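Here the structure is laid out as structure tokens; the discussion comes afterwards.
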Amino acid sequence: MANIEKASISGGHLSDGTRYGAAKVSRFATSRYGTIGAAFLDSALTQDLKNLVPGKRVLDIGCGAGNWCVTAAQYGAKSVDGFDIQSEMVELAKQATSHLDMVHIQVGDAADMPFDDDSFDVAISLFVTCNLPPNGFAKHFQELHRVLVPGGKALLLIPTDWSHSRLYTTIEADPSIVKSEMVQILSTVPKYPTTSQVTEAFRNIDDILVTCFAVDDKGEIFNVTNTSQLFRGQPIWRKTEVMMFPNFFYSDQSTIDQFVTNGFHIDRVENHFTEEKRIIYNKSNPAIPLSNDYVKHPTALVYHVSKPL
Ligand SMILES: C[S@@+](CC[C@H](N)C(=O)[O-])C[C@H]1O[C@@H](n2cnc3c(N)ncnc32)[C@H](O)[C@@H]1O
């Protein structure tokens, strides 16, 4: 895997999808994690915030377009500070929250947070760690610990091992047909492809719910079928039904190691993609049902952690 860095993914802050195409980006923005993610995640996270934020000083790390800053303010946060490394996102978040006096938005780095020690009662970091290269990944957890008050709580949403090693399709799509289409496309993608080349190549396969690609030591792109093909911090691309975005791979264990190393208490880990919810979802969305494999194995987990007193 020595040449992996030649793959054209760097910076670790390119997951917004703004270069994907207006229609798909707007679908992502209106349903936050795409139609499928939103069905399971938005309602659960909203409830989590409702429980966590009333009267609290809240930090939204990698706030993106500011959706969760608005939610936190609506549920009675005393103050909300949101920051993001991309100035375009910061502008969107500022617009979304301009009517809310208690919300402050700025540019900032999750690996070097622009706040004093012990500044927040609650912090959220939703689908941000997957954007961070290894050094930034480790520092994000140190910084999270630093800016929280003792007794402070954090909520993190992080993709799982499973989501990196599976091809999830819709029920209607035959996975073997989708796979053979992917094999055909993979043979056309250049060595050490750029994100836009990968995105362009896979633009038209809409039956994919979630899958992941990486580059091998010869520079060839491949579909990941087992996380043993990946190493910690490896650049990858994740495709959802709405877009393709560059990320870095971290196993569930790497996340837990960071909590332990930095002295967090893990209060609970939640899977919002339960089978029960999948069945309810499929009954109410017969046009775009989920395949059996999807949801049984959670694609993302919510970690509830706290900084001990
Ligand atoms: C998938 S989006 C999630 C946005 C938001 N948390 C939400 O749930 O709607 C990831 C966000 O993390 C931001 N980001 C990536 N790397 C970052 C860093 N080092 N510091 C701060 N924000 C970062 C990206 O710009 C992007 O807006």
Task: Over 25 Å [Cα-Cα, the chain], rounded percent - done: 48
Open item on the list: For a quick check: sort PHE273, PHE115, PHE137 by the number of other beta carbons within 10 angstrom, fewest at the front.
Closed with: PHE115, PHE137, PHE273
Task: 17 Å cut-off, amide nitrogen to a point 7 angstrom out along ASN282 Cα→Cβ, residues in the stretch 158-187 - done: 167-176
Task: Nitroxide proxy distance, nm - points 7 Å out along Cα→Cβ at ASP293 and THR194 - done: 3.2
- [ ] Would you compute, from DSSP H runs of 4+ residues alone, the mean residue ellipticity of the chain at 222 nm, taking -39500 (n - 2.57) per run and dividing by the full residue count, rounded to the nearest 500?
- [x] -10500 deg cm²/dmol
Open item on the list: With an 8 Å Cα cut-off and a minimum separation of 6 or more residues, compute the relative contact order for the chain in percent.
Closed with: 21
Open item on the list: Please report, in whole Å³, the volume per residue of the convex hull around the C-alpha atoms of the stretch 105-261.
Closed with: 133
- [ ] Count neighbours as other Cβ atoms within 10 Å of each site's Cβ, and list the GluC sites (Glu not before Pro) in the stretch 137-204 that are DSSP loop with at most 13 such neighbours.
- [x] GLU172
TODO: With unit charges on the beta carbon (Lys/Arg positive, Asp/Glu negative), name the residue among LEU52, LEU92, ALA110 whose Cα is farthest towards the positive pole of the charge dipole of the stretch 39-125.
DONE: LEU52
Open item on the list: Only four residue types carry charge here, +1 at the Cβ of Lys and Arg and -1 at the Cβ of Asp and Glu. Report the dipole size of the chain about the Cα centre in Debye, rounded to the nearest 20.
Closed with: 280
Task: Rg ratio (alpha-carbon, reference 2.2 N^0.38 Å) - the stretch 225-292 - done: 1.49
TODO: Decide, for the stretch 53-154, between rounded, prolate and oblate: order the square roots of the alpha carbon gyration tensor eigenvalues as a ≥ b ≥ c, take rounded if a/c falls under 1.5, and otherwise choose prolate if a/b is larger than b/c, else oblate.
DONE: oblate
- [ ] Could you pull the Cα extents of the stretch 200-264 along its three principal axes, largest to smallest, in whole Å?
- [x] 45, 29, 17
Task: Spacing of the two label points (7 Å from each Cα toward its C-beta) at ALA38 and GLN74, in nm - done: 1.3
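Pull out the extension gain between PHE115 and GLU220, defined as 0.36 nm times the separation in residues minus the alpha carbon to alpha carbon distance; nm, one decimal.
Contour length minus the Cα-Cα distance gives 33.6 nm.
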Open item on the list: Just to confirm the number: angle between the C-alpha axis of helix 87-97 and the first principal axis of the chain, 0 to 90 degrees, nearest 10?
Closed with: 60
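Quick note: the coordinates plus some simple rules give every number you see, no bench work behind them. Predicted model, so just to flag it, every value in this text is computed and none were measured. A quick note on method: Cβ atoms are made from the backbone with ideal geometry, for glycine too, and the neighbour counts reach across all protein chains shown.
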